[in-house]
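These notes concern the structure reproduced below.
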Amino acid sequence: MRMCSIASGSSGNCIYVGSDTTHLLIDTGISGKRTENGLKELELSMQDIDGIFITHEHADHIQGLGVLSRKYQIPVYCTEGTKRGILADSRIGDVDESLFYTVKPDQKYIVKDMAVTPIRISHDAAEPVGYKIYYGKQKGAVVTDLGVYNEYIVEHLKGMDVLFLEANHDVNMLQVGPYPYPLKQRILGERGHLSNEASGKLLCQILHDNLKAIVLSHLSKENNLPELAYETVRAEVTMSEVSYKGGDFPLYVAKRCEVSEAISI
């Protein structure tokens, strides 16, 4: 299985995950052209894509969906609430409703030789989810846009080989930054976004000896820095009571506007 961030951040998100025969996208929050160019760097094209899984209906996760779905007629998998949000969004244009496949949290969906399980997350969207992806015994997960985590999230993320995990903001940068107060409160709230510190604390609960890679994702352009996210998460692990240190695992930061390093299991 191979996983790769094509774009990641508050300005747009798109992640590729695939095997030799099955190719999926999680979110299409960048332009159709950027998505196509990103796949080209992975030696793929949109014609290779077997399905698009959408986490929720916010623009930074569906911006390119209208163009791509109209052009390539690719199946779109999302929850019923997300589907309603997408169809109600006039900015992405008409989307053929017959392309939609409704998914429910905690149920497994098969696409050729891969399987995908949605998991519930806490975010201010209609019915948002993260995704776990399986290829044989290999397991990966994409969990961003969550204001808080709980035992349900922790249990679902145990045993992953690769984890794309939100580290959206540095709390201090957010508090003194340019955002209006209501937006700051929304981001800091239980249906907002995970801070660097919270991301590190969550990671401490799911580390295991066979974890191959952690990719910090969905960084805020205004309220975070890649180096700060990286060092803060590492420090949280090192200072915790778990037996691991921050340098014990490959830790990456997904790039905002470029294709990141592909991770193969």
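The values are calculated or read from the model by the stated rules, or taken from the named source; none is laboratory data. Bear in mind the structure is a predicted one, so any value in this text is a computation, not a measurement. Every residue, glycine among them, receives a Cβ derived from its backbone with ideal geometry; neighbour counts consider all protein chains shown. What goes into the accessible areas is simple: the full protein's heavy atoms, side chains included, and nothing from ligands, DNA or RNA. Shrake-Rupley method; radii C 1.70, N 1.55, O 1.52, S 1.80 Å.
Worth pointing out:
- Alpha carbon centroid spacing (whole Å) that separates the range 202-265 from the range 72-131: 27
- Looking at the range 146-249, the accessible area is 46 square angstrom per residue; that uses a 1.4 Å probe and ignores ligands, DNA and RNA.
- Using a cutoff of 8 angstrom between alpha carbon atoms and counting only pairs six or more residues apart, the relative contact order for the chain works out to 19 percent.
- Signed unit charges on C-beta, dipole axis of the chain, positive-most listed residue Ser220, Ser19, Gly246: Ser19
- Cα gyration tensor category, rounded, prolate or oblate, for the range 76-137 with a/c compared to 1.5: oblate
- Measuring against 21 Å, Cα to Cα, the residue pairs Lys184/Lys221; Lys40/Lys255; Lys33/Lys71; Lys33/Lys83; Lys108/Lys137; Lys132/Lys212 contain Lys33/Lys83 as the ones spanning a longer distance.
- Rounded, prolate or oblate (a/c below 1.5 giving rounded, otherwise prolate when a/b exceeds b/c) for the range 51-180 by Cα gyration tensor: oblate
- Difference of contour (0.36 nm per residue) and Cα-Cα distance, Glu97 to Asp50: 15.2 nm
- Working value for the chain: equivalent-ellipsoid semi-axes of 27, 21, 17 Å, each the square root of 5 times a Cα gyration tensor eigenvalue, largest first.
- Accessible area (Å², per residue) of the range 64-129, counting only protein heavy atoms and a probe of 1.4 Å: 47
- Of the solvent-accessible surface of the chain, computed with a 1.4 Å probe and all protein chains present, 49% belongs to carbon and sulfur.
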